[in-house]
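Engineer: Here it is, the structure, as structure tokens.
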Amino acid sequence: PEILQGYLHRDKIPLILLAVENDQILGAVQLKYYEMDIYPNKEHWLGGVFVPKKYRGKKIARKLILKAIEVAKSQDVNTLFLQTEKMDGGLYKKLGWEAVEEVIYRNKLVLVMKRIL
């Protein structure tokens, strides 16, 4: 609960955006600060993109990511970073993110990506 407390904002980062329909949470995404401590100069991050299996295939993640970009822009964010285990960039590449580098972080190989807003 304490970890989530810091994300309970409506109009400033850090925050969690939810896709909700009929009181069901269909997905979530986070806008956060300094997700990877190995990058102290990379401030704004997109993370925690999650859609339960039963709701996948409905473009919910895409809509959440695009909304997060809109919110970040409204907060004068110029660049968003993210990390993914999909080395081809997956959906993020389709939505305009560019690969920065592959790195082992917390014992996992991840692709760090950025998107200029």
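The values are calculated or read from the model by the stated rules, or taken from the named source; none is laboratory data. None of these values were measured; they are calculated from a predicted model. Positions of Cβ are backbone-derived with ideal geometry, glycine not excepted, and every protein chain shown enters the neighbour counts. The area values use the complete protein model at the heavy-atom level, side chains included, leaving out ligands, DNA and RNA. Shrake-Rupley method; radii C 1.70, N 1.55, O 1.52, S 1.80 Å.
Engineer: Pairs under 8 Å by beta carbon, first residue in contact (Cβ under 8 Å) with a residue 40 or more places away in the chain in the stretch 99-111, partner in a strand (DSSP E or B) and not hydrophobic (A, V, I, L, M, F, W, C), six or more apart or different chains?
Structural biologist: TYR105/GLN83
Engineer: Within the stretch 62-75, identify whether any single residue is at positive phi and out of contact with any helix residue (DSSP H, G or I) (no Cβ under 8 Å at 6 or more places or on another chain), and answer yes or no.
Structural biologist: The first filter runs over the stretch 62-75 and keeps only residues at positive phi, leaving none.
No; the residues of the stretch 62-75 include none that is at positive phi and out of contact with any helix residue (DSSP H, G or I) (no Cβ under 8 Å at 6 or more places or on another chain).
Engineer: Give me the pairs, please: first residue somewhere in the stretch 81-98 and in a strand (DSSP E or B), second residue anywhere and modelled with pLDDT of 95 or more and of a type in the set (Phe, Trp, Tyr), beta-carbon distance under 7 Å, and either six or more positions apart or on two chains.
Structural biologist: That search, which allows pairs on different chains as well, returns PHE81/TRP45; LEU82/TRP45; LEU82/TYR92; LEU82/TRP97; GLN83/TYR105; THR84/TYR92.
Engineer: So which residues in the stretch 60-72 are closer than 16 Å to ILE25 by Cβ and open to solvent by 100 Å² or more (accessible area, probe 1.4 Å), if there are any at all?
Structural biologist: LYS63
Engineer: Would you confirm whether or not the stretch 63-79 contains a residue that is under 19 Å from VAL110 (Cα atoms) and either small (Gly, Ala, Ser) or modelled with pLDDT under 95 (or both)?
Structural biologist: No, because not a single residue in the stretch 63-79 is under 19 Å from VAL110 (Cα atoms) and either small (Gly, Ala, Ser) or modelled with pLDDT under 95 (or both).
Engineer: Among the residues of the stretch 1-58, which ones are in a loop (DSSP other than H, G, I, E, B), of a type in the set (Gly, Ala, Ser) and either open to solvent by 90 Å² or more (accessible area, probe 1.4 Å) or at pLDDT 95 or above (or both)? Steps first, answer last, please.
Structural biologist: Here is the first cut: in the stretch 1-58, the ones in a loop (DSSP other than H, G, I, E, B) are 1, 6-14, 22-23, 34-43, 51-52, 56-58.
Now narrow it down to the ones that are of a type in the set (Gly, Ala, Ser): 6, 57.
Of everything in the stretch 1-58, just one residue is in a loop (DSSP other than H, G, I, E, B), of a type in the set (Gly, Ala, Ser) and either open to solvent by 90 Å² or more (accessible area, probe 1.4 Å) or at pLDDT 95 or above (or both), namely GLY57.
Engineer: Please go through the stretch 73-109 and pick out each residue that is among the hydrophobic types (A, V, I, L, M, F, W, C), touching a Lys or Arg at 6+ places or on another chain (Cβ under 9 Å) and either open to solvent by 20 Å² or more (accessible area, probe 1.4 Å) or closer than 14 Å to LYS42 by Cβ (or both).
Structural biologist: LEU80, PHE81, LEU82, LEU91, TRP97, ALA99, VAL100
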